[in-house]
Amino acid sequence: MDYSTKNIKKFVYSHYFYGGVRQALGALVPAMVLLGLFDLPVLGLAATFGAMCVSIVDQPGPVRHRKNEMLGCAVLGAATAGITALATPYAWGLWFTVIGLCFFLSLLSVFGRKGGLIGFACMLLMTLTMHSAFTPGQALLHTFVTIAGGLWYTGFSLVVTRLQWYRQEQQAIAACIFASAEYLEVKARFYDPDVKLEDNYQQLIARQAAVAEQQEAARDVVLRELPRAVSEGMDARRGRMFKMFIDIVDLHETVVAVHTDYELLRRVFAGSDLLVFFHDLLHKLALDTEAVGLAITQDQITHRHINVKAELRAIEYEIDQLKKADFPKLEPEAYTALIWTFRRARNAAKILDRLHRDTDPASDGEASSLKMDASLRRFLSKQDFSPARITSNLRMSSPIFRHALRVTLAVAIGMTLSSEWLIPHHIMHSYWIVLTIVVIMKPGFSLSKQRNIQRLTGTLIGCALVLALLSFVDNTFILFAAMMLAAVMGNSLVQLYYLASATFNTTFVLLAFHFIAPGSLSVIGERALDTVVGSVIALGCSYFLPYWEYRLIKPTVQRAIAANRNYLTASQQLVATGVAQPADDFEYRLARKNVHIAFGNFANSFYRMMLEPRSKQRSVAELNNLVIQNHELAAQIGAAAPLLATLPAMPAQLAGVTRRIEGILDDAVKGTPDTREDTEVLRELARDLDLAVADAESAGAVDGDTVTTLRQLVFQLKQMAKTSLSIRRSAAFARLPA
């Protein structure tokens with residue numbers, strides 16, 4: 001299968017396309033029924049607008065959350081439409097109403113991404129209502145039809161979800177698998193000497209943030225639907241989805257731990273076939289992981305078609321040759337790094353075999369006793385729509401409050417410029433200008449800037465496409481099919497490729513206007529002009545009371561470091577617990593999850609800052625190092641955990657070193673530097689670690705396997721100590737506001 005065909009399949013079977021089809025159908029059915037059967041185009045559009053509003057918040061997630069969000073959006077959206085409709089006969093009344101609604105609805109971003117989507121959906125409904133005047137009776141009817149459309153879509157989506165719940169869970173799991181496959185592919189490039197390490201780290205970190213996001217989404221979907229008790233019984237397919245989720249998390253954790261000192265390996269094994277073998281091994285594992293994801297999306301049983309035995313045997317052969325050449329004594333650290341990397345990669349191949357088996361329905365019955373107990377609930381996200389979150393953000397120090405003020409100012413300017421007071425013949429249309437502004441403006445400057453360029457470009461391309469289409473095609477069926485396709489693709493691509501989504505959405509709206517008022521091509525040029533005006537206003541107002549990312553980044557840094565510190569503590573508790581695998585320990589799994597989420601938030605915040613003006617960037621070198629080193633530390637802890645789980649007891653010297661590392665990380669959270677040189681501290685810690693191995697060997701109280709485990713653990717702890725010191729140094733030198 002070639003690359004382009006594979007990507008097309010991934011998209012067609014993904015939750016993006018699936019959701020796009022669901023949203024387009026659910027939103028357009030009211031218009032088709034009321035217009036096609038009852039010849040009520042105005043009411044059909046109102047119902048479709050209400051359904052479209054709710055469809056925006058219909059994103060992948062737990063059914064209970066989605067139901068609450070859609071119902072809340074339907075009610076709030078109808079109220080917004082009703083208030084706007086009542087104000088439309090009065091120019092000044094509409095002006096103040098739109099301004100007030102934009103301020104309030106923008107504040108809903110305090111409730112996170114879903115709150116922001118609800119606010120945006122309601123503002124979209126507001127703009128689609130304000131384009132014509134309503135009498136009080138018409139306003140009441142418009143409100144009733146709008147909420148009916150929203151409730152129709154809510155019911156439609158929930159019914160489809162109930163019928164297709166298995167499909168939704170498959171897609172959530174597949175998204176996790178695809179993200180892990182991309183991470184693996186980037187990991188393989190570390191063994192290519194022609195690839196710059198720092199550039200590859202940047203790509204790796206972006207992939208890690210994506211994995212954390214997909215795992216969090218899948219965790220909510222899969223865990224939340226488990227039965228409350230064993231007696232309730234479980235659908236065998238749901239149990240299989242749970243097994244797949246556990247296995248993909250374990251696979252990713254193992255892959256993260258396939259981490260070592262790449263500079264050391266490249267230097268020591270320069271010109272060696274070992275680097276080639278490792279690159280090919282991880283590359284094949286990435287391809288095989290992706291193949292599992294594709295099989296899951298298509299509900300197929302998959303078997304391993306990509307064999308890695310040749311690479312594993314080649315690496316084993318090279319390791320044997322190194323032993324014969326007395327390499328372990330000549331380069332002990334490089335040899336330990338090599339052995340540990342090989343073992344983790346081999347374990348990843350074994351977990352991948354389990355994933356292949358998980359696609360077989362014959363494995364369904366193995367997880368039928370699972371239930372949603374109190375411990376599993378700690379892994380789930382929670383909804384909090386307390387009004388106190390809004391009132392507590394009504395202050396100038398709140399980024400969301402500043403965002404609401406920016407949106408309000410931009411909309412006020414747009415409403416004023418497009419009003420009949422300045423332009424009697426309404427060359428510009430206030431509702432389209434306001435729509436452009438609310439689509440573009442986001443709480444973060446960098447995201448608003450990106451959206452501005454993409455929205456403007458997409459709108460102009462969409463206008464050109466519709467102009468060409470209407471100039472050469474007069475077949476109603478073809479135009480309607482094009483409108484339906486644009487609706488599906490506009491919804492499908494909104495999270496993947498916003499420029500294309502803007503293009504398709506513009507195409508859909510313009511074709512819809514064509515069916516309402518056939519033959520009018522002037523609307524295309526008017527929409528293009530309105531979009532340009534709205535984009536210019538949004539760009540200018542982005543500089544009003546901005547809350548630059550560097551002001552928000554320090555807490556995310558502290559949380560990322562603290563999460564790693566807790567992860568280290570949880571891994572130490574594996575000693576002498578009798579747990580066969582670290583993943584079987586609840587507290588360890590919870591700490592691992594928190595590390596990935598905290599790291600993803602930090603990395604995303606850093607990269608948003610890097611998209612802002614250079615004058616608004618702070619401590620770039622230190623923060624870049626903190627991003628890399630925090631990821632390395634998590635990988636090192638993950639690599640040490642299986643070793644700790646095999647120890648019957650923790651040697652005193654090792655316990656002392658881990659306490660020192662925890663103290664270093666505590667200092668890093670506080671931003672407190674050490675008065676001593678890092679090299680001196682590292683030398684002391686290394687001496688204590690080497691003494692632990694020497695004492696174990698001289699005492700003869702442990703067998704050879706345990707001594708080998710201690711040596712590997714010592715190597716990991718040395719890496720942790722070095723990384724922790726680097727984190728503390730960068731955290732102390734970073735100049736960030738509290």
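Determine if segment 162-182 includes at least one residue that is within 27 Å of the chain's Cα centre (by Cα), among the aromatic types (Phe, Trp, Tyr) and surrounded by fewer than 19 Cβ atoms within 10 Å (Cβ to Cβ).
Yes, segment 162-182 contains a residue that is within 27 Å of the chain's Cα centre (by Cα), among the aromatic types (Phe, Trp, Tyr) and surrounded by fewer than 19 Cβ atoms within 10 Å (Cβ to Cβ).
Identify, please: which residue in segment 386-400 is assigned to a helix (DSSP H, G or I) and in contact with a helix residue (DSSP H, G or I) (Cβ under 7 Å, 6 or more places away or on another chain) and is, among those, nearest to Leu124 (Cα to Cα)? Walk me through it before giving the result.
Of segment 386-400, the ones assigned to a helix (DSSP H, G or I) are 388-391, 399-400.
When the remaining residues are screened for being in contact with a helix residue (DSSP H, G or I) (Cβ under 7 Å, 6 or more places away or on another chain), the result is 389-390, 400.
Working: Arg389: 23, Ile390: 21, Ile400: 19 Å.
Filtering segment 386-400 for residues that are assigned to a helix (DSSP H, G or I) and in contact with a helix residue (DSSP H, G or I) (Cβ under 7 Å, 6 or more places away or on another chain), the one nearest to Leu124 (Cα to Cα) comes out as Ile400.
Of the residues that make up segment 118-132, is at least one over 35 Å from the mean Cα position of the chain (by Cα) and within 25 Å of Leu43 (Cα to Cα)?
yes
Identify all residues within segment 86-113 that are under 37 Å from the mean Cα position of the chain (by Cα) and crowded, with 21+ Cβ neighbours inside 10 Å; write none if there are none.
Val98, Leu101, Cys102, Leu105, Ser106, Leu107, Leu108, Ser109, Val110
Among the listed residues Ser397, Ser418, Ser386, identify the single one that is modelled with pLDDT of 75 or more, of a type in the set (Gly, Ala, Ser) and crowded, with 17+ Cβ neighbours inside 10 Å.
Ser418
This table checks each residue for (1) over 17 Å from Tyr497 (Cα atoms); (2) touching a helix residue (DSSP H, G or I) at 6+ places or on another chain (Cβ under 7 Å).
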site: Lys10; (1), (2): no, yes
site: Tyr16; (1), (2): no, yes
site: Leu25; (1), (2): yes, no
site: Pro30; (1), (2): yes, yes
site: Leu35; (1), (2): yes, yes
site: Ala46; (1), (2): yes, yes
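Any residue at all in segment 141-150 that's of a type in the set (Ser, Thr, Tyr) and part of a helix (DSSP H, G or I)?
Looking for residues that are of a type in the set (Ser, Thr, Tyr) and part of a helix (DSSP H, G or I), one finds at least one in segment 141-150, hence yes.
Please count how many residues of segment 322-348 are among the basic types (Lys, Arg) and modelled with pLDDT under 85.
So the count comes out to 1.
Arg237 versus (1) open to solvent by less than 10 Å² (accessible area, probe 1.4 Å); (2) within 30 Å of Phe17 (Cα to Cα); (3) touching an Asp or Glu at 6+ places or on another chain (Cβ under 7 Å); (4) not β-branched (Val, Ile, Thr): which is the lone unmet condition?
(1)
Checking the conditions here, which among Leu265, Leu281 is modelled with pLDDT under 90, under 25 Å from Pro642 (Cα atoms) and out of contact with any Phe, Trp or Tyr (no Cβ under 6 Å at 6 or more places or on another chain)?
Leu265
Does Ile478 meet the test of being touching a helix residue (DSSP H, G or I) at 6+ places or on another chain (Cβ under 6 Å) and among the aliphatic types (A, V, I, L, M)?
In short, no.
Modelled with pLDDT of 85 or more and surrounded by fewer than 22 Cβ atoms within 10 Å (Cβ to Cβ): does that describe Ser726? Walk me through how you get there before you give the answer.
Values: modelled with pLDDT of 85 or more: yes; surrounded by fewer than 22 Cβ atoms within 10 Å (Cβ to Cβ): yes.
It is true that Ser726 is modelled with pLDDT of 85 or more and surrounded by fewer than 22 Cβ atoms within 10 Å (Cβ to Cβ).
Find all pairs meeting these conditions: Cβ atoms under 9 angstrom apart; at least six residues apart or on different chains; first residue within segment 91-107 and within 14 Å of Leu435 (Cβ to Cβ); second residue open to solvent by 30 Å² or more (accessible area, probe 1.4 Å).
Close Cβ pairs (under 9 Å, with a partner that is open to solvent by 30 Å² or more (accessible area, probe 1.4 Å)) amount to Leu101/Ile83; Leu105/Leu76; Leu105/Phe120.
With the checklist (1) without any contact (Cβ under 8 Å) to a residue 24 or more places away in the chain; (2) within 29 Å of Gln712 (Cβ to Cβ); (3) of a type outside the set (Ser, Thr, Tyr) in hand, flag the one item Val620 doesn't pass.
Among (1) without any contact (Cβ under 8 Å) to a residue 24 or more places away in the chain; (2) within 29 Å of Gln712 (Cβ to Cβ); (3) of a type outside the set (Ser, Thr, Tyr), Val620 violates only (2).
Filter segment 639-695 down to residues that are out of contact with any helix residue (DSSP H, G or I) (no Cβ under 9 Å at 6 or more places or on another chain) and of a type in the set (A, V, I, L, M) and give me whichever is least open to solvent (accessible area, probe 1.4 Å).
The extreme case among them is Ala694.
With the condition being closer than 20 Å to Gly414 by Cβ, I'd like the helices (runs of 4 or more DSSP H) fully within segment 19-128 carrying at least 3 qualifying residues. Quick ask: steps written out before the conclusion?
Values: elements: 41-56, 63-87, 91-106.
Of the helices (runs of 4 or more DSSP H) lying wholly inside segment 19-128, those with at least 3 residues that are closer than 20 Å to Gly414 by Cβ span 63-87, 91-106.
Residue under question is Thr289, and the condition is that it be part of a loop (DSSP other than H, G, I, E, B) and either modelled with pLDDT of 90 or more or open to solvent by less than 40 Å² (accessible area, probe 1.4 Å) (or both); does it hold?
No, not satisfied.
Tally time: how many residues in segment 575-592 are within 30 Å of the chain's Cα centre (by Cα) and modelled with pLDDT of 75 or more? Spell out how you get there, then give the answer.
Of all residues in segment 575-592, those within 30 Å of the chain's Cα centre (by Cα) come to 581-592.
So of that shortlist, the ones also modelled with pLDDT of 75 or more come out as 585-592.
Qualifying residue count, segment 575-592: 8.
Give segment 265-277 a look and list any residue that's open to solvent by less than 70 Å² (accessible area, probe 1.4 Å), part of a helix (DSSP H, G or I) and under 15 Å from Phe342 (Cβ atoms), or say none.
Leu265, Val268, Leu274, Leu275, Phe277
Do any residues in segment 283-307 that are more than 24 Å from Glu169 (Cβ to Cβ) and touching a residue at least 40 places away in the same chain (Cβ under 8 Å) have Cβ atoms under 9 Å from those of residues that are open to solvent by 40 Å² or more (accessible area, probe 1.4 Å) and of a type in the set (Lys, Arg), where the two are at least six apart or on different chains, and which pairs are they?
His283/Arg189
Here is a list: Val557, Val595, Val533. Which entry is under 30 Å from Ala464 (Cβ atoms) and part of a helix (DSSP H, G or I)?
One residue alone meets the criteria, Val533.
The values are calculated or read from the model by the stated rules, or taken from the named source; none is laboratory data. Predicted, not measured: the structure shown is a model, and the values here were computed from it. Counting neighbours? That spans all protein chains shown, and the Cβs are built from the backbone with ideal geometry, glycine included. With ligands, DNA and RNA removed, areas are computed over all heavy atoms of the protein, side chains included. Shrake-Rupley method; radii C 1.70, N 1.55, O 1.52, S 1.80 Å.
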